[in-house]
Amino acid sequence: MPARIVNKLPQFVSKVEQRAARGMVQGLVLGASEASVLTPIDTSKLLNSQYRSVEKQGDKIVGTVGYTAEYAIPVHDPDVKQRFRRPTAKKEFLRLGFERAEPNIRAVIKGAIKT
């Protein structure tokens, strides 16, 4: 009786990509949450304009967090001097938030792919 070979590689790759995307979403939530604490608040428009997206680009899973408020870039820019009302607010809040959350983000993505 001949041996039957079944190629399950495409299903395996698909499952790993789904787990990676879930891990990416979890990582984005961690980084965005940390950035939210550092985001300046006046009317909350900037904070409420935060978005995140995850998409597949070729063989990569790419996650993005940003702000749609038109003044987000000058508020984030360290060269534009401003004073903030919120004590925890900082310039470069998005970058700093993700830097603070980086160890947890790495652990979450690694865990999501392993399971």
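The values are calculated or read from the model by the stated rules, or taken from the named source; none is laboratory data. In this text the structure is predicted, and so the values were computed from the model without any measurement. Positions of Cβ are generated from backbone atoms using ideal geometry, with glycine treated the same way; all protein chains shown enter the neighbour counts.
Brief remarks follow.
- Among the residues of segment 20-59, those identified as among the charged types (D, E, K, R) and either free of Cβ contacts under 8 Å to residues at least 40 places away in the same chain or under 20 Å from Ala101 (Cα atoms) (or both) are Arg22, Glu34, Lys45, Arg52, Glu55, Lys56, Asp59.
- Conditions (1) out of contact with any Gly (no Cβ under 6 Å at 6 or more places or on another chain); (2) in a helix (DSSP H, G or I); (3) touching a residue at least 40 places away in the same chain (Cβ under 8 Å): number failed by Lys90: (2)
- Inside segment 17-54, residues that are loosely packed, with under 15 Cβ neighbours inside 10 Å and modelled with pLDDT under 90 make up a count of 3.
- For segment 68-103, a tally of residues being closer than 20 Å to Ser53 by Cβ, surrounded by fewer than 16 Cβ atoms within 10 Å (Cβ to Cβ) and under 13 Å from the mean Cα position of the chain (by Cα) returns 2.
- Filtered residues of segment 32-49 (kept if farther than 10 Å from Ala89 by Cβ and either among the charged types (D, E, K, R) or touching a Lys or Arg at 6+ places or on another chain (Cβ under 9 Å) (or both)): Ala32, Glu34, Ala35, Lys45
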